1. Which residue pairs have Cβ atoms closer than 6 Å, lie 6 or more positions apart in sequence or on different chains, and pair a first residue in segment 240-256 that is under 18 Å from ALA105 (Cβ atoms) and open to solvent by 60 Å² or more (accessible area, probe 1.4 Å) with a second residue that is within 8 Å of the ligand (Cβ to nearest atom) and part of a helix (DSSP H, G or I)?
2. I'd like to verify a number: residues in segment 47-61 that are open to solvent by 30 Å² or more (accessible area, probe 1.4 Å) and either under 20 Å from ILE122 (Cβ atoms) or near the ligand (Cβ under 10 Å from one of its atoms) (or both), how many?
3. Which one of the conditions (1) over 20 Å from ARG258 (Cβ atoms); (2) in contact (Cβ under 8 Å) with a residue 40 or more places away in the chain; (3) crowded, with 24+ Cβ neighbours inside 10 Å; (4) not hydroxyl-bearing (Ser, Thr, Tyr) does ASP69 fail to meet, given that it meets all the rest?
4. If a residue counts only when it is in the same structural domain as GLU263 (by TED's automatic domain parsing), β-branched (Val, Ile, Thr) and open to solvent by less than 60 Å² (accessible area, probe 1.4 Å), which helices (runs of 4 or more DSSP H) contained entirely in segment 175-234 have at least 2 such residues?
5. Counting only residues that are within 16 Å of the ligand (Cβ to nearest atom) and open to solvent by 10 Å² or more (accessible area, probe 1.4 Å), how many does segment 27-38 have?
6. In segment 132-141, what residues are more than 7 Å from the ligand (Cβ to nearest atom) and either touching a strand residue (DSSP E or B) at 6+ places or on another chain (Cβ under 6 Å) or part of a loop (DSSP other than H, G, I, E, B) (or both)?
Amino acid sequence: MQQKPLYDRVALIGLGLIGSSLARAIRRKALAGHVAGHARSQQTRDQSMKLGFLDSVHASPEEAAEGADLIVLCTPLGAYDAVLERIAPVLAPGATVSDVGSCKASVAESFARHLPAGVHGIPGHPVAGTENSGPEAGFATLFEQRYCIVTPAPDTDPAALKRLIALWEGVGAMVEPMDAQHHDRVLAITSHLPHLIAYTIVGTASDLESQLKRERASENALVETREVIKYSAGGFRDFTRIAGSDPVMWRDVFTMNRDAVLEMLGRFQEDLVALQRAIRWGEGDKLEDWFTRTREVRRGVVEQGQAGRFYATEKDGED
Ligand code: NAP
């Protein structure tokens with residue numbers, strides 16, 4: 001006998017990498033009776049229907065959300081308040097509003113500001129993604145074997161939470177409930193800071209390349225056009241992949257998770273200076289000890305199956 005889907009109507013607001021992957025996965029696993037979607041541009045809405053991962057597409061977020069028992073915000077974080085303001089009047093009592101954003105404390109505040117009584121706001125964050133954006137970038141298996149963190153409040157309705165967890169488990173994720181502030185500190189070091197470092201190093205290398213080019217041109221030497229790209233296999237390539245991530249999404253992450261990122265940046269700078277000193281004073285033992293410890297960390301990540309499959313498919317990673 002066919003089982004009843006978990007939700008009658010799921011509305012996804014934002015149809016990029018994450019929204020379109022969730023739509024694909026929900027439909028593949030028949031977890032909703034109907035999957036409705038909204039994106040800002042006509043082009044994305046048309047493309048989403050063409051790709052066939054939605055049952056209906058809507059020109060406004062409120063049309064998509066109307067009658068939905070689950071609404072998931074999948075836009076950049078900076079768009080949340082405007083979207084919530086628009087959908088709040090059409091939300092049915094008992095509906096759940098969740099999201100996939102990379103910071104959680106700011107989302108809990110937005111939900112508290114906008115959601116009417118009787119609507120369950122439960123923030124969520126699938127720790128899965130790639131550096132690609134848009135509806136074409138999504139794929140149904142994105143969340144398989146990846147963690148999804150949910151940050152319920154102490155008074156969150158247990159039945160609504162259980163149903164949301166069942167949805168994420170249904171698309172293959174391993175769900176971990178967590179306090180929102182704790183989430184933001186952990187993700188600041190595991191995700192946000194690595195992105196900041198990648199954005200920095202790629203920008204610095206690009207500046208250096210321009211400078212070298214100018215110096216050589218003034219010496220009338222043969223100008224090597226793209227040395228950074230040419231020699232990128234030497235470790236730099238992985239940074240360029242991360243630094244290719246969506247600028248708007250990451251602008252919003254750093255704006256919304258400012259305090260936790262600044263705290264982790266302070267710790268990082270201390271350690272960087274310690275390594276700088278060890279290099280200056282030729283303290284090879286210190287460097288070797290440090291690198292041995294970090295190699296163990298990498299082994300742990302691999303052993304837990306969280307190392308990603310970039311080299312096999314180029315389609316899997318973590319945000
Ligand atoms: P994306 O591929 O760039 O897609 C963003 C989507 O949001 C697009 O469909 C865009 O529509 C829509 N959108 C933007 N502003 C909107 C607005 N004001 N109203 C309605 N729709 C709007 O982004 P993504 O990578 O899926 O990221 C979405 C969210 O997931 C972010 O909050 C991010 O923090 C979180 N996240 C991302 C990753 C990752 O690795 N990328 C991983 C985990 C969580 P148009 O195409 O029409 O502009």
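The values are calculated or read from the model by the stated rules, or taken from the named source; none is laboratory data. Every value quoted in this text rests on a predicted model; they were computed, and no experiment measured them. Here Cβ is always computed from backbone atoms with ideal geometry, including for glycine, and neighbour counts include all displayed protein chains. SASA here: full protein model, heavy atoms, side chains in, ligands and nucleic acids out. Shrake-Rupley method; radii C 1.70, N 1.55, O 1.52, S 1.80 Å.
1. Close Cβ pairs (under 6 Å, with a partner that is within 8 Å of the ligand (Cβ to nearest atom) and part of a helix (DSSP H, G or I)) amount to MET256/LEU77.
2. Count: 1.
3. Evaluating ASP69 over (1) over 20 Å from ARG258 (Cβ atoms); (2) in contact (Cβ under 8 Å) with a residue 40 or more places away in the chain; (3) crowded, with 24+ Cβ neighbours inside 10 Å; (4) not hydroxyl-bearing (Ser, Thr, Tyr) leaves (3) as the failure.
4. 193-218
5. The number of residues fulfilling the criteria is 1.
6. If the condition is that a residue be more than 7 Å from the ligand (Cβ to nearest atom) and either touching a strand residue (DSSP E or B) at 6+ places or on another chain (Cβ under 6 Å) or part of a loop (DSSP other than H, G, I, E, B) (or both), then ASN132, GLY138, PHE139, ALA140, THR141 are the ones that fit.
Listed here are the residues, each with its yes/no results for (1) within 20 Å of ILE122 (Cβ to Cβ); (2) part of a loop (DSSP other than H, G, I, E, B); (3) open to solvent by 10 Å² or more (accessible area, probe 1.4 Å).
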| residue | (1), (2), (3) |
| --- | --- |
| ARG9 | yes, no, yes |
| LEU15 | no, yes, no |
| ALA25 | yes, no, no |
| ASP81 | yes, no, yes |
| GLY101 | yes, yes, no |
